[in-house]
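Peer 1: Input: one structure, supplied below.
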Amino acid sequence: METETAQNPESKPDQSVILEVSGQTAILRLGTPNERYVTITPRRMETFEQALDKIESNPSLQGLVIIGSGPGLFCNGADINQISGVTDVAIAKGLASRGQGLFQRVASLKCTTVAAVSGACVGGGYELALACDYRIAANISEVKVGLPEIKLGIIPGFGGSVRLPRLLGLPAALDIILKGRMLPAKRGLKAGLVDEVVEVEGSADKGYSALEAKACEIASGRHTPRRKPIAFGEKILTFTGIGRKMVANKALAQVHKTTGGHYPAPPRAVEVATKALSMNVVPALDMEAQALAELIVTPESKSLVHLFFLTDEAGKRWKSLQDEVSQAKAAVLGAGTMGAGIAASLLSSGVEVLLVDLDSKARERAEAHIEDSLGKRFKYEPDKAKSSLAKLSIEGTIDSINDVEIVIEAIVEKLDVKKRVFGQLASLLPDTAVLASNTSSLPISEIASDLSHPERVIGMHFFNPAEKMPLVEIVRSSVTDQRSIAFTAALASKLGKYPVVVEEVPGFLVNRILSPYLAEAAWALGDGYSITDIDKAAVRFGMPMGPLRLLDEVGLDVAAHVAEIMSSSYGSRMETPPFTAKLASLGRLGRKSGKGFYVYNGKEGTPDSELSQLLELPDHPTAGSPAELQDRLILSMVNEAVRCFDEGVAGTPCRESAGQIDLATVMGTGFAPFRGGIMHYAERVGARDILTRLERLEKQHGFRFTPAMGIKARAAGSGGSFYEPIEGSSTMQ
Ligand code: NAI
């Protein structure tokens with residue numbers, strides 16, 4: 001067998017694209033075995049091109065297998081670091097055209113080509129597989145196939161938008177592209193993304209060999225996979241002009257409904273995938289490259305790429321304790337709304353859980369909730385749910401907690417009760433056990449103040465519903481030790497959440513930033529704006545729901561309590577008009593009681609027309625425009641976020657802590673992802689513009705809008721960055 005590295009004569013050999021020729025079959029191995037992601041770098045492309053020169057010039061070759069260099073590997077597509085810095089459409093188009101050119105050469109090879117997938121085969125990696133005649137995958141958990149580009153604000157641009165609709169039919173291809181789907185092997189087979197799945201028995205190495213052997217069989221013509229055919233109806237919808245028009249119109253309407261028109265990539269994907277079907281491949285690829293290039297430079301794509309790096313980094317950051325956490329057993333104290341949700345999340349990640357509540361009814365409700373959640377939320381089959389539930393025990397006394405590595409307390413929000421309970425826990429557990437509280441408002445140092453080992457007490461603040469919400473604030477007191485922080489954050493990571501470490505200021509990070517926004521919605525109501533005007537202003541900005549709807553979801557009793565804490569902690573800038581408290585006192589608690597700002601007959605709820613009279617609100621706003629209303633809501637959050645950054649609430653002010661605030665605002669408040677988080681938004685708008693707008697609002701509405709010192713300082717002189725500390729100050733108020 002002849003083995004060679006396709007080599008650039010002017011540089012060191014690239015060991016990550018290896019061509020092996022054995023008789024009439026060639027194997028191209030991608031990546032190096034110790035690589036976490038196999039990405040397509042310019043250098044790798046060059047080596048790939050040289051390998052193709054050799055393949056094209058070998059007329060005796062009958063087949064080519066493209067495979068990762070070892071078990072668990074294939075190709076993750078373009079290096080996102082390389083696209084993140086591109087700001088020029090012509091450069092972006094050049095990059096896309098080069099990738100397309102490479103894959104078009106694969107597609108044009110005379111020999112039979114097979115992509116053999118035993119790892120991530122996504123984005124450009126899957127577009128490479130699409131350029132092959134066949135795609136097969138090992139049935140192992142590392143395999144995922146699909147096109148996630150839309151999540152980065154772009155479209156598949158290495159041929160995916162052109163080839164996938166031809167392979168699957170337009171409706172099915174758009175479903176994959178618009179949702180950015182990545183599927184495991186078996187589901188990939190069902191969807192038609194792969195043609196055959198190779199069952200793997202024994203070790204990973206054996207599985208890899210079996211995959212390679214099957215691919216060689218196909219490449220040499222000894223076996224032909226049975227491809228999923230496009231159904232007759234789908235063919236009509238794909239290969240006739242009128243069918244495509246129908247599919248495109250439906251997809252565009254759906255895209256508009258789900259994105260509110262904020263994301264340019266999805267409609268462009270519909271346009272390219274649809275038009276490409278009526279064109280030859282080469283001009284269709286050119287259209288695809290142009291669309292990709294124009295999307296790469298959009299602010300929406302830059303924001304989504306920024307978020308991609310933040311989430312990717314969050315996943316890696318606490319990996320070192322992952323093994324320790326994997327073995328851990330956890331207790332959850334309190335089986336109410338939060339405790340039951342936290343217990344379900346823990347079980348879904350394989351953690352053994354002891355759930356304790358004094359109240360037998362709460363225990364019963366929690367058990368039913370967890371069972372329901374495993375089935376509905378986590379989509380467990382009955383067998384899997386049963387084995388998960390075997391890891392749950394439920395007890396009625398705190399004394400049953402004795403051999404766990406962490407307790408997460410989620411009982412009533414009262415300091416004296418929590419202090420007493422933490423005293424009991426400290427006496428029941430070894431000093432190494434972490435004692436975490438899910439408190440949403442109480443200082444961790446107060447909860448720990450009577451304990452002899454306060455360094456292991458920490459806040460682990462989940463959001464409601466705990467199974468769904470992706471953020472966990474890890475709240476440290478001034479004495480919480482690094483191990484407890486790392487352990488708690490690693491556990492949150494294991495649950496698939498994004499942990500953000502914050503200081504124990506009132507409201508922590510997320511509720512502190514949200515509070516002035518929620519208060520401002522109430523002020524606007526008092527100024528005569530309608531519920532619809534106010535919520536629409538926020539949704540138009542890109543928030544997932546308006547502030548008044550959010551208050552209804554949180555519960556007006558809870559919201560009024562938090563508002564009280566925030567205004568007594570931060571003073572007049574967080575004061576709120578008494579509307580929420582008044583509605584709560586009338587038993588209108590929001591969605592849970594069927595009435596709040598909205599009335600809930602159906603799922604959506606409608607603004608309550610009686611509210612104006614009930615709260616004695618003016619009929620119309622006395623002044624102000626929709627833009628001003630939006631500024632009132634959004635800039636009140638920006639102002640507070642900048643204060644949090646400069647005070648070091650998410651860590652010493654630096655690029656990384658600003659990123660943590662971005663992550664927390666997107667994952668905890670739903671802050672428009674296409675704006676990249678609140679600091680990213682502030683950075684894009686610029687300190688001077690924000691200052692001018694806040695000063696205008698201050699004139700109109702008073703001290704609530706007094707610009708933070710950090711905004712003034714950054715706007716002064718040359719205008720500083722919101723990702724850097726203010727010169728000459730480490731933290732400021
Ligand atoms: P909940 O009232 O639904 O549940 C509390 C449970 O704790 C009850 O079942 C009660 O029987 C039990 N309990 C009380 N004292 C106990 C003790 N000494 N030992 C064992 N069990 C005891 O309350 P929820 O909403 O679940 O809140 C729990 C904690 O989570 C609070 O600290 C709250 O501030 C916090 N939180 C609540 C959020 C929410 O949206 N509900 C969001 C984030 C945090």
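Peer 1: In contact with a Lys or Arg (Cβ under 7 Å, 6 or more places away or on another chain) and open to solvent by 50 Å² or more (accessible area, probe 1.4 Å): does that describe Asp450?
Peer 2: Against the criterion (in contact with a Lys or Arg (Cβ under 7 Å, 6 or more places away or on another chain) and open to solvent by 50 Å² or more (accessible area, probe 1.4 Å)), Asp450 qualifies.
Peer 1: For segment 218-232, what are the residues that are in a helix (DSSP H, G or I) and in contact with a Gly (Cβ under 9 Å, 6 or more places away or on another chain)?
Peer 2: Of everything in segment 218-232, those that are in a helix (DSSP H, G or I) and in contact with a Gly (Cβ under 9 Å, 6 or more places away or on another chain) turn out to be Ile218, Ala219.
Peer 1: Out of the residues in segment 114-147 meeting the condition of being hydroxyl-bearing (Ser, Thr, Tyr) and surrounded by fewer than 24 Cβ atoms within 10 Å (Cβ to Cβ), tell me which one is modelled with the highest pLDDT.
Peer 2: Tyr134
Peer 1: Among the listed residues Ile150, Ile155, Ile83, which satisfies the condition of being modelled with pLDDT under 95 and of a type in the set (A, V, I, L, M, F, W, C)?
Peer 2: From the options Ile150, Ile155, Ile83, the qualifying one is Ile83.
Peer 1: Across segment 351-372, what is the number of residues that are within 14 Å of the ligand (Cβ to nearest atom) and either among the aliphatic types (A, V, I, L, M) or crowded, with 16+ Cβ neighbours inside 10 Å (or both)?
Peer 2: 13
Peer 1: Could I ask something else about it? Within segment 668-695, take every residue that is open to solvent by 50 Å² or more (accessible area, probe 1.4 Å) and touching a residue at least 60 places away in the same chain (Cβ under 8 Å) and give me the one that is nearest to Met469 (Cα to Cα).
Peer 2: Only one residue fits best here, namely Arg675.
Peer 1: Taking segment 619-654 on its own, how many of its residues are closer than 26 Å to Pro544 by Cα and assigned to a helix (DSSP H, G or I)?
Peer 2: Total satisfying the criteria: 20.
Peer 1: So for segment 411-419 (the condition being away from the ligand (no atom under 14 Å from the Cβ) and of a type in the set (A, V, I, L, M, F, W, C)), does at least one residue qualify?
Peer 2: Scanning segment 411-419, I find no residue that is away from the ligand (no atom under 14 Å from the Cβ) and of a type in the set (A, V, I, L, M, F, W, C), so the answer is no.
Peer 1: Pick from Leu211, Leu292, Leu304: which is within 25 Å of the chain's Cα centre (by Cα), under 30 Å from Ile140 (Cα atoms), crowded, with 21+ Cβ neighbours inside 10 Å and at pLDDT 95 or above?
Peer 2: Answer to the selection: Leu304.
Peer 1: Identify the residue in segment 307-317 that is of a type outside the set (Lys, Arg) and open to solvent by 40 Å² or more (accessible area, probe 1.4 Å) and, among all such residues, is nearest to Val353 (Cα to Cα).
Peer 2: Glu313
Peer 1: Filter segment 191-208 for residues that are assigned to a loop (DSSP other than H, G, I, E, B), of a type in the set (D, E, K, R) and open to solvent by 60 Å² or more (accessible area, probe 1.4 Å) and give the result.
Peer 2: Glu199, Glu201
Peer 1: I'd like to know if segment 214-221 contains one or more residues that are more than 35 Å from the chain's Cα centre (by Cα) and free of Cβ contacts under 8 Å to residues at least 40 places away in the same chain.
Peer 2: Yes: segment 214-221 contains one or more residues that are more than 35 Å from the chain's Cα centre (by Cα) and free of Cβ contacts under 8 Å to residues at least 40 places away in the same chain.
Peer 1: Something else: When you look at Thr25, is it in contact with a Ser or Thr (Cβ under 8 Å, 6 or more places away or on another chain) and surrounded by 17 or more Cβ atoms within 10 Å (Cβ to Cβ), yes or no?
Peer 2: Against the criterion (in contact with a Ser or Thr (Cβ under 8 Å, 6 or more places away or on another chain) and surrounded by 17 or more Cβ atoms within 10 Å (Cβ to Cβ)), Thr25 qualifies.
Peer 1: Looking at segment 455-471 only, could you name the residues that are away from the ligand (no atom under 15 Å from the Cβ) and surrounded by fewer than 22 Cβ atoms within 10 Å (Cβ to Cβ)?
Peer 2: Matches in segment 455-471: Glu455 only.
Peer 1: So, in segment 646-661, of the ones that are of a type in the set (S, T, N, Q) and in contact (Cβ under 8 Å) with a residue 24 or more places away in the chain, which residue ends up surrounded by the fewest Cβ atoms within 10 Å (Cβ to Cβ)?
Peer 2: In this case the residue turns out to be Thr652.
Peer 1: On the basis of being more than 15 Å from the ligand (Cβ to nearest atom), out of contact with any Ser or Thr (no Cβ under 6 Å at 6 or more places or on another chain), acidic (Asp, Glu) and farther than 17 Å from Leu392 by Cα, does Asp323 make the cut?
Peer 2: Answer is yes for this residue.
Peer 1: A follow-up question, please. Pull up segment 392-410, narrow it to residues that are aliphatic (A, V, I, L, M) and either more than 10 Å from the ligand (Cβ to nearest atom) or assigned to a loop (DSSP other than H, G, I, E, B) (or both), then point me to the one that is farthest from Val558 (Cα to Cα).
Peer 2: If we take residues in segment 392-410 being aliphatic (A, V, I, L, M) and either more than 10 Å from the ligand (Cβ to nearest atom) or assigned to a loop (DSSP other than H, G, I, E, B) (or both), then Val404 is farthest from Val558 (Cα to Cα).
Peer 1: Within segment 318-326, can one find any residue that is at pLDDT 95 or above, open to solvent by 20 Å² or more (accessible area, probe 1.4 Å) and out of contact with any Lys or Arg (no Cβ under 8 Å at 6 or more places or on another chain)?
Peer 2: no
Peer 1: Looking at segment 697-713 only, could you name the residues that are touching a residue at least 40 places away in the same chain (Cβ under 8 Å) and either part of a helix (DSSP H, G or I) or open to solvent by less than 30 Å² (accessible area, probe 1.4 Å) (or both)?
Peer 2: The answer is Leu697, Gln700, His701, Phe703, Arg704, Phe705, Pro707, Ala708, Met709, Gly710, Ile711.
Peer 1: How about segment 473-485: which of its residues are more than 10 Å from the ligand (Cβ to nearest atom) and open to solvent by less than 20 Å² (accessible area, probe 1.4 Å)?
Peer 2: Correct list: Ile474, Val475, Ser477, Thr480, Ser484, Ile485.
Peer 1: Quick test of your reading of the structure: Ser388 fulfils all but one of (1) touching a residue at least 40 places away in the same chain (Cβ under 8 Å); (2) closer than 23 Å to Asp431 by Cβ; (3) more than 10 Å from the ligand (Cβ to nearest atom). Name the failing condition by number.
Peer 2: (2)
Peer 1: Restricting the search to segment 353-391, which residues are part of a loop (DSSP other than H, G, I, E, B), within 22 Å of Glu405 (Cα to Cα) and among the hydrophobic types (A, V, I, L, M, F, W, C)?
Peer 2: Of everything in segment 353-391, those that are part of a loop (DSSP other than H, G, I, E, B), within 22 Å of Glu405 (Cα to Cα) and among the hydrophobic types (A, V, I, L, M, F, W, C) turn out to be Leu358, Ala390.
Peer 1: Identify the single condition in (1) closer than 29 Å to Pro673 by Cβ; (2) touching a Lys or Arg at 6+ places or on another chain (Cβ under 9 Å); (3) open to solvent by less than 10 Å² (accessible area, probe 1.4 Å) that Ile150 does not satisfy, given that it satisfies every other one.
Peer 2: It fails just one condition, (3).
Peer 1: Given segment 524-618, what helices (runs of 4 or more DSSP H) lie entirely inside it while holding 3 or more residues that are more than 16 Å from the ligand (Cβ to nearest atom) and in contact (Cβ under 8 Å) with a residue 24 or more places away in the chain?
Peer 2: The qualifying helices (runs of 4 or more DSSP H) are 531-541, 579-585.
Peer 1: I'm checking my understanding of the structure. Among residues of segment 331-350 that are surrounded by fewer than 24 Cβ atoms within 10 Å (Cβ to Cβ) and away from the ligand (no atom under 15 Å from the Cβ), which one is farthest from the chain's Cα centre (by Cα)?
Peer 2: Among residues in segment 331-350 that are surrounded by fewer than 24 Cβ atoms within 10 Å (Cβ to Cβ) and away from the ligand (no atom under 15 Å from the Cβ), the one farthest from the chain's Cα centre (by Cα) is Gly350.
Peer 1: Within segment 453-512, how many residues turn out to be more than 18 Å from the chain's Cα centre (by Cα), part of a helix (DSSP H, G or I) and either of a type in the set (Lys, Arg) or under 16 Å from Gly341 (Cα atoms) (or both)?
Peer 2: The total comes to 3.
Peer 1: Given the conditions (1) within 8 Å of the ligand (Cβ to nearest atom); (2) open to solvent by 10 Å² or more (accessible area, probe 1.4 Å); (3) within 22 Å of Val479 (Cα to Cα), which single one is not true for Thr439?
Peer 2: Of everything listed in (1) within 8 Å of the ligand (Cβ to nearest atom); (2) open to solvent by 10 Å² or more (accessible area, probe 1.4 Å); (3) within 22 Å of Val479 (Cα to Cα), Thr439 misses just condition (2).
Peer 1: Name the residue that is farthest from Ala231 (Cα to Cα), counting only residues in segment 160-182 that are touching a helix residue (DSSP H, G or I) at 6+ places or on another chain (Cβ under 6 Å) and open to solvent by 10 Å² or more (accessible area, probe 1.4 Å).
Peer 2: Leu178
The values are calculated or read from the model by the stated rules, or taken from the named source; none is laboratory data. Not measured: the values here are computed from a predicted model. Cβ atoms come from the backbone with ideal geometry, glycine included; neighbour counts cover every protein chain shown. Surface areas here come from the heavy atoms of the whole protein model, side chains and all, with no ligands, DNA or RNA. Shrake-Rupley method; radii C 1.70, N 1.55, O 1.52, S 1.80 Å.
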